[in-house]
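Notes for the one structure printed next.
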Amino acid sequence: MIEGRALVELVIASVAIILIPGPSVMFVIARAVAWGRVTAVLTALGNALGMLLLSIFIAVGLGPLLQRSELLLVIVQVLGGLYLIHLGIDAYRNRQAHADDMVKIEEIKPNGFQILRQGFTVGALNPKALVFFSAVFPQFVDSTAGSITFQLLMFGVIFAILSFLLDGMWGVLVGSSRDWFVTSKNRLVVLRMIGAFVMMALGIGVIVPVVFSYLT
């Protein structure tokens, strides 16, 4: 079982990556702008379920491999950190285009099932979550505490719950102030820029300690 301090650190890291305006957050915000709070919260729920499924695939596929190879663990973390930096650079370069896409209102509002399904798809295919599960989760694994696969599964459940709560919070806040967001795309651009810099910082934060620890 993961110890208390490591659990707190895992929650802090998860909150940081979830709050970054990446694909899932931007999708929830877009739905909140278009159709309000209820649609945004349902989208967040579908998104969380999609990421939970993604975390299960990562745990089952990656866990046994990481159990056997310390070098593989280092490689996965470094590649994940590099990809986070790449995502941050891409988010910064395309910040204006992303903001433009978010304020486009779809003509036909989807029903509840469609909202959940669409949110689920975005969550299951979220590259940010994929990288986080693959590169960051392993840092909190305790190889002396039993099955790595089980630990990764537990991390995924924690992440999914936090994702629903925090993405839902974004949806409620934006849904309650739709006009404020729609009237100024610059606010959305600023959100995207902040997310870009945080993603790059997280990527560097993943790579540097891992490489330093391995080399020493």
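The values are calculated or read from the model by the stated rules, or taken from the named source; none is laboratory data. Predicted, not measured: the structure shown is a model, and the values here were computed from it. Positions of Cβ are generated from backbone atoms using ideal geometry, with glycine treated the same way; all protein chains shown enter the neighbour counts.
Things to note:
- Residue check, P23 surrounded by fewer than 22 Cβ atoms within 10 Å (Cβ to Cβ), at pLDDT below 80, on the phi < 0 side of the Ramachandran plot and touching a Leu at 6+ places or on another chain (Cβ under 9 Å): yes
- Residue that is of a type outside the set (G, A, S) and touching a helix residue (DSSP H, G or I) at 6+ places or on another chain (Cβ under 8 Å), where the choices are V8, V25: V25
- Leading residue by the ranking (surrounded by the most Cβ atoms within 10 Å (Cβ to Cβ)) among those in the stretch 113-147 that are at pLDDT 80 or above and more than 21 Å from the chain's Cα centre (by Cα): Q114
- Extreme residue, farthest from L152 (Cα to Cα), among residues of the stretch 8-67 that are within 16 Å of the chain's Cα centre (by Cα) and not in a helix (DSSP H, G or I): P21
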